[in-house]
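Novice: Pasting a structure below so you can have a look.
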Amino acid sequence: VSDIVFLNGAFVARDRALVPVDDRGFLFGDGVYEVVRLVAGRYVDGDRHRDRLARSLAELRLEGGIEDGTALLDIGLDLLARNRIGVGGQALVYLQVTRGVARRRHAFPPAGTPPTVFVAASGFVPQRDLMETGVAAVTHPDLRWHRCDIKSVNLLPNVLANQKATEQGAYEAILVRDGVVTEGTRSNVFAVVDGVLRTHPTGPAILPGVTRAVVVELAREAGLHVEERAFSAAELAKAAEVFATGTTTDVTPVVAVDGRAVGSGQPGPVARRLGALLTARMTSLPD
Ligand SMILES: Cc1ncc(COP(=O)(O)O)c(C=O)c1O
């Protein structure tokens, strides 16, 4: 049986949740999304995801007529119940808003055109095995636009780079722009270079990952030397450790890049420690 999703004010079976061909998400990729994790029936950093969604919407000037992010997160909770996704396990809620349905024309549709609002929920099992063993990654040119800070549904360069990684048996493609590592196709990337934990600073070149921000905080609290300073592909190649972070990725050690071992070829102490701290935090978040 199909699960229940929310589309434009109604709860419907997923296979009946259809979007018209004139939806601007379909025609132009004119929309934004969020993915939020739940542990024990509670959102992990729901406020940060809600704020990022609000920011993405504002950057696209896509504000009119949308329930605010809190309402969308509440719909996600409703979906967990409707789909009988137990609070014992973990879950993901997917939120997407597009600029609605209108005959194809690049400029915005007439004022008052309602956005398309879609929310879905699913059970989720973290890939602990990958966090234990580490994963392979490949480098790939970052072919994206100059507003990667907006979580838009325009993911074509991410799709193409991730497919390249998949074809090479790798978990993630690490994107490189002008010799500098920006992030992954669906994760932020950290490296330990000369004893310093580094990751690309926020700004238009990367998505400001919620997990990235939390991991930076945890690393500082743990007394690690962290710098939000970009590193080059050459520094990546000689890093002692590399890891990816994300809502579904947690802290996943990268033990090989482009077929060459990172450090010892095993998950390193920094990734292990931060992974453990992140997991502990997730299961002990206050209400
Ligand atoms: C391009 C990109 N970078 C980073 C991330 C990680 O962000 P977060 O930790 O908020 O899930 C994602 C997650 O989807 C992503 O798509």
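Novice: Using the Kirkwood radius over Cα pairs, work out the Stokes-Einstein diffusion coefficient for the chain at 4 °C and 1.567 mPa s, in µm²/s as a whole number.
Specialist: Reported coefficient: 65 µm²/s.
Novice: Further question: Under a crude label model (7 Å from the Cα following the beta-carbon direction), how far is ALA107 from GLN163 in nanometres?
Specialist: 3.5 nm
Novice: Pop out the Kirkwood hydrodynamic radius of the stretch 145-215 from its pairwise C-alpha distances, inverse of mean 1/r, in Å to one decimal.
Specialist: 12.9 Å
Novice: Loop-only check: which trypsin sites (Lys or Arg not before Pro) in the stretch 22-123 are DSSP coil with at most 12 other Cβ within 10 angstrom?
Specialist: Answer in residue order: ARG61, ARG84, ARG103, ARG104, ARG105.
Novice: Calculate what fraction, in whole %, of the accessible area of the stretch 38-142 sits on carbon and sulfur atoms when a 1.4 Å probe is rolled over the protein chains.
Specialist: That fraction is 54 percent.
Novice: Can you list, largest first and rounded to whole Å, the semi-axes you get for the stretch 222-287 by taking the square root of 5 times each eigenvalue of its Cα gyration tensor?
Specialist: In descending order, the three semi-axes are 24, 13, 11 Å.
Novice: Mind grabbing the accessible area of LEU207 for me, 1.4 Å probe, Å², rounded to tens?
Specialist: 30 Å²
Novice: Output the peptides 112-124, 180-192, 228-240 sorted from most to least packed, where packing is the average of other Cβ atoms within 10 Å over each peptide's residues.
Specialist: Top of the packing list down: 180-192, 112-124, 228-240.
Novice: Sticking with this structure for a sec: What translational diffusion coefficient, in µm²/s and rounded to a whole number, does the Stokes-Einstein relation yield for the stretch 15-110 at 4 °C and a viscosity of 1.567 mPa s, taking the hydrodynamic radius as the Kirkwood radius over Cα pairs?
Specialist: 89 µm²/s
Novice: If I ignore ligands, DNA and RNA and count only protein heavy atoms, how much of HIS106 is accessible to a 1.4 Å probe, in Å² to the nearest 10?
Specialist: About 130 Å², ignoring ligands and nucleic acids.
Novice: Divide by every residue of the chain the summed helix terms, -39500 (n - 2.57) for each DSSP H run of at least 4, and state the resulting mean residue ellipticity at 222 nm, rounded to the nearest 500 deg cm²/dmol.
Specialist: -8500 deg cm²/dmol
Novice: With only alpha-carbon atoms counted, please give the Rg and Dmax of the stretch 152-287, in Å.
Specialist: 14.2, 43
Novice: If you don't mind, there's one more thing I want to ask. Looking at the square roots a ≥ b ≥ c of the eigenvalues of the Cα gyration tensor of the stretch 70-154, which shape do they give, rounded for a/c under 1.5, prolate if a/b is larger than b/c, or oblate?
Specialist: Because a/c hits 1.5 or more and a/b fails to exceed b/c, the stretch 70-154 counts as oblate.
The values are calculated or read from the model by the stated rules, or taken from the named source; none is laboratory data. Keep in mind that this is a model prediction, so the values were computed, not measured. Using ideal geometry, Cβ is built from the backbone for each residue, glycine included, and neighbour counts are taken over all protein chains shown. The protein model used for the area step is the full one, side chains on, heavy atoms only, and it has no ligands, DNA or RNA in it. Shrake-Rupley method; radii C 1.70, N 1.55, O 1.52, S 1.80 Å.
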